[in-house]
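Working notes for the structure below.
The values are calculated or read from the model by the stated rules, or taken from the named source; none is laboratory data. In this text, all values refer to a predicted model and were calculated from it rather than measured experimentally. Glycine also receives a Cβ, built like all others from the backbone with ideal geometry; neighbour counts cover every protein chain displayed. Note: accessible area is taken over every heavy atom of the protein model, side chains too, but ligands, DNA and RNA are not part of it. Shrake-Rupley method; radii C 1.70, N 1.55, O 1.52, S 1.80 Å.
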Amino acid sequence: ISAYGGFSGPFLMTQENGIWCSKVLSQLELINIETGKPLDWNDFQMTHTSHPSHLQVDYNNPTLNIKQTLVYASAHSAFIITDISNSSDEVLEFSSGWKGSTFVDGLTSTPDKNSLHLSSNKSNARGIIQAFGDLTHEIEVDTNNYRIDLQKIKLNPGENKQLLLAHSFIFDEYNIAEENLHLTNVSHDVNEFLKNRISGKKALLQTLYNKLDTIWQDDVYRNLLVKSMLTLQNNWRIPAGELKHSGLFPSYHYIWFHGFWAWDSWKHAAALAHYDPVLAAEQIKAMFDFQNEDGFIADCVYRDTTIEPHNYRNTKPPLSAWGTWKVYEHGQDLNLLKELYPKIVNQHYWWYRNRDHDNDGICEYGSTDGSLIAAKWESGMDNAVRFDSCQILQNSTTAFSLDQESVDLNAYLFAEKKYLAKMAKVLGMEKDESTFTSEANTLKDRIRQQFYDPISGWFYDTSIDGNKLITAMGCEGWIPLWAEVATPEQASAVKDNMMNSNYFNTKVPFQTLSASHPKFKPDRGYWRGPNWLDQAYFGVMGLHNYGFHDEAYDATYKLMHNAQGVLTNGISIRENYHPLTGQGMESENFSWSAAHYILLLINE
């Protein structure tokens with residue numbers, strides 16, 4: 001009840017590494033003038049709904065109907081629209097206003113006419129709470145508490161009164177005067193603005209609905225599309241601080257996830273491309289802002305490096321050509337290809353210049369600082385069993401490799417060559433197209449011969465000389481199917497293992513390590529057993545690539561229906577899932593999980 005009459009938060013990305021400002025920063029207060037008593041929210045029935053375009057809470061009793069709508073007017077500001085309707089047969093009179101408090105240390109407030117200005121000793125960003133359309137009678141401030149008293153409200157039977165309040169929190173790079181002008185313009189017809197916002201989001205959703213695989217046409221899967229899109233939307237962040245382009249954070253729920261990661265970004269872009277190719281392109285460019293001259297791209301980058309520095313100790317698996325090509329396919333932005341193609345080529349060959357210890361054309365994961373832990377991070381599968389016995393080798397003063405060659409890395413590089421050849425063709429670069437096609441054909445043969453074990457029917461990492469298989473059966477073994485590098489016979493054998501209930505066909509299938517492995521740790525084992533949706537997606541698409549559609553659809557069904565809460569309203573999409581119980585684990589509202597549910601539903 002203490003939070004009724006308003007909305008939770010806001011969650012401030014202008015403050016520290018993201019922090020909840022308040023339980024409810026602005027709470028409506030209505031005091032019945034006849035009785036002198038404030039509105040008792042216990043007397044109301046409440047329903048709340050979340051839409052891609054807005055949040056809405058409805059309060060109803062025999063006397064009053066109150067509808068509150070929160071809609072973003074920009075990336076900096078949200079309007080709280082409050083409609084108060086008299087459903088009784090009597091004239092009702094109220095004194096009205098807003099009250100609130102913040103529990104953020106160092107956040108101070110200063111009143112000014114119809115607004116309250118907020119400032120912080122931890123950020124140069126500025127905040128403002130301001131009422132529109134009603135004269136402010138008085139603003140009171142006391143430490144972390146405030147009250148804005150508005151003019152009295154008189155409602156005849158059936159009459160409606162609308163109150164309008166805006167919250168703004170704006171980074172120092174942006175102009176607060178321009179933002180206030182925008183808010184003033186929107187306030188003149190906020191209902192029309194909301195209407196347009198709703199229709200715009202419906203159009204984006206319809207774009208996704210139109211792409212749904214014929215297998216997933218039921219409303220339950222449409223709702224999952226909405227939920228996934230909302231998850232990505234909630235993690236969207238504008239350029240600020242060190243970040244020069246928009247993109248998605250992995251999850252605002254976890255304090256250290258407030259930045260951009262390289263392979264997360266490529267995956268986010270592949271999903272965003274289906275309904276927002278402009279944002280998808282921004283997400284790709286955001287990581288290339290941190291590309292070194294030699295082609296290296298940072299593992300992860302942050303808005304505020306006083307909290308945590310960018311990680312240049314390692315990069316992430318090469319998926320930028322795939323992500324960029326998907327964005328181009330849906331946006332047809334030739335300028336994007338022209339801009340990014342040379343950067344992706346530079347990144348692609350960086351691997352061969354810095355991560356091929358024995359110069360045999362097969363690459364290894366590694367690090368820039370010589371640390372083993374950063375080399376494992378570079379795979380994206382930080383603590384995977386396949387790396388348990390590996391050692392570090394020095395290639396140069398700034399380049400180190402693991403002493404094993406990884407099948408997924410080289411399959412990704414094969415896929416990159418295919419996508420670079422496609423880009424070169426579009427750009428009219430015939431020599432480059434021929435070069436990448438030839439290199440892909442050569443690498444294909446190497447992968448088929450070196451990394452595949454015909455006895456167990458699986459692809460494994462090998463020793464650096466390529467002579468010894470590292471036989472931990474993990475999710476890297478189906479990446480050759482996703483990249484379409486396996487022979488049909490190899491793919492069939494891998495498929496049989498994937499669909500074996502003792503190995504990977506678990507309750508939530510295609511987890512990171514075979515359930516038969518002695519080191520299988522499904523309960524928060526990170527990359528030693530839990531199911532990560534990105535790797536499960538690669539497995540499903542690998543099956544589709546080789547015509548195993550029934551198996552792929554069966555696995556997709558289980559990924560949606562057996563992962564806890566995925567098809568349930570109000571339960572967030574998680575970072576990973578327990579493959580045997582379906583329990584959601586680690587961070588909530590996780591971007592790449594949501595992105596891959598979109599890709600699974602579209603089947604691309």
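Selection among GLN449, MET499, THR437 by position relative to the dipole of segment 436-556 gives MET499 as farthest towards the positive end (Cβ unit charges, Cα centre). In the complete set of protein chains, residue-level accessible area for PHE7 is approximately 20 Å², probe 1.4 angstrom.
Sorted largest first by accessible area at a 1.4 angstrom probe radius, with every protein chain in place, the residues ASP294, ASP105 fall in the order ASP105, ASP294. The separation of segment 1-28 from segment 121-150, counted between C-alpha centres, amounts to 14 Å. Run down the lysines and flag those whose C-alpha is under 19 Å from the C-alpha of LYS521, throwing out any fewer than 8 positions away in its chain. Correct list for LYS521: LYS376, LYS507. Considering only GLY370, VAL385, ASN346, and ranking their Cα positions along the charge dipole of segment 318-446 that arises from unit charges at the beta-carbon of Lys, Arg, Asp and Glu, the one farthest toward the positive end is ASN346.
For segment 249-369, the square roots a ≥ b ≥ c of the C-alpha gyration tensor eigenvalues yield an a/c of 1.5 or more together with a/b not exceeding b/c, which makes the shape oblate. For the residue pairs LYS67/LYS195; LYS23/LYS67; LYS23/LYS202, alpha carbon separations beyond 24 Å are given by LYS23/LYS202. In the assembled protein chains, ARG126 presents an accessible area of approximately 90 Å² (probe radius 1.4 Å).
Computed from point charges on the beta carbon alone (+1 for Lys and Arg, -1 for Asp and Glu), the dipole magnitude for segment 29-98 about its Cα centre is near 360 Debye.
Measure nothing but the geometry: give the 0 to 90° angle between the long axis through the Cα atoms of 591-602 and the longest principal axis through the Cα atoms of the chain, rounded to 10°. In the chain, helix 591-602 runs at an angle near 70 degrees to the longest axis.
Residues whose amide H lies under 5 Å from that of ASN395, counting only those 5 or more places away or on a different chain, are PHE400, SER401; hydrogens are built 1.01 Å from N in the peptide plane. Here's the list of aspartates and glutamates a cross-link from LYS285 could span, going by alpha-carbon distance under 18 Å and ignoring same-chain residues fewer than 8 apart: GLU242, ASP264, ASP276, GLU293, ASP294, ASP299, GLU329, ASP333, GLU339, GLU416. Under a 5 Å amide H cut-off, with hydrogens placed 1.01 Å from N, ALA125 pairs with ASP172 among residues at least 5 apart or on other chains.
Could you give the size of the charge dipole of the chain about its Cα centre, using +1 on the Cβ of each K and R and -1 on the Cβ of each D and E, expressed in debye and rounded to the nearest 20?
Details: 49 positive and 73 negative charges, 91 e Å.
My answer is approximately 440 debye.
Among the protein heavy atoms of the chain, carbon and sulfur supply 48% of the accessible surface, probe 1.4 Å, non-protein parts ignored. Less than 22 Å apart at the alpha-carbon level, and either on another chain or at least 8 residues along: which lysines does that give for LYS431? Partners within reach: LYS338, LYS343, LYS417, LYS418, LYS422, LYS444. In whole angstrom, how far apart do the alpha carbon centroids of segment 500-547 and segment 455-470 sit? Each part reduced to its Cα centre gives a spacing of 19 Å. Between VAL426 and GLN217, the simple label model (points 7 Å from Cα in the Cβ direction) yields a spacing of 3.1 nm.
Taking the longest Cα principal axis of the chain as reference, the axis of helix 334-354 is set at about 50 degrees. Ligands, DNA and RNA excluded, the heavy atoms of PHE548 present near 40 Å² of accessible surface to a 1.4 Å solvent probe. Report relative contact order for the chain in percent, whole number only (criteria: Cα-Cα under 8 Å, sequence separation at least 6). It comes to 9 percent, rounded to a whole number. Alpha carbon centre of segment 342-416 versus segment 233-308: separation in Å? Value for the Cα centre distance between the two parts: 22 Å. Legend: residues TYR460, TYR352, sorted from most to least accessible area (1.4 Å probe; ligands, DNA and RNA excluded), read TYR352, TYR460.
Cβ-Cβ distance of ALA3 and GLU293, R₀ of 35 Å, FRET efficiency by 1/(1 + (r/R0)^6): the value works out to about 0.10. Using the Karplus relation 6.51 cos²θ - 1.76 cosθ + 1.60 with θ = phi - 60°, the per-residue 3J(HN,Hα) values for segment 520-526 come to 4, 10, x, 8, 6, x, 6 Hz, with x marking Gly and Pro. Here the Karplus curve 6.51 cos²θ - 1.76 cosθ + 1.60, taken at θ = phi - 60°, turns the phi angles of segment 243-260 into couplings of 8, 9, 9, 6, x, 10, 6, x, 6, 6, 6, 10, 4, 8, 9, 9, x, 10 Hz, with x standing for Gly and Pro. ³J(HN,Hα) across segment 285-299 via Karplus (A = 6.51, B = -1.76, C = 1.60, θ = phi - 60°), whole Hz, x for Gly/Pro? Going residue by residue, I get 5, 4, 7, 6, 4, 10, 8, 6, 4, 7, x, 4, 10, 4, 5 Hz, with x marking Gly and Pro.
At a probe radius of 1.4 angstrom, the accessible area of the chain per residue rounds to 40 square angstrom.
Evaluate the charge dipole of segment 125-263 about its Cα centre and quote only its size in Debye, nearest 20, assuming +1 on the Cβ of each Lys and Arg and -1 on the Cβ of each Asp and Glu. Result for segment 125-263 is approximately 500 debye, rounded to the nearest 20. Projecting the Cα atoms of LEU513, TRP482, TYR526 onto the charge dipole of segment 458-527 (Cβ charges, centred on the Cα centre) puts TYR526 farthest toward the positive pole.
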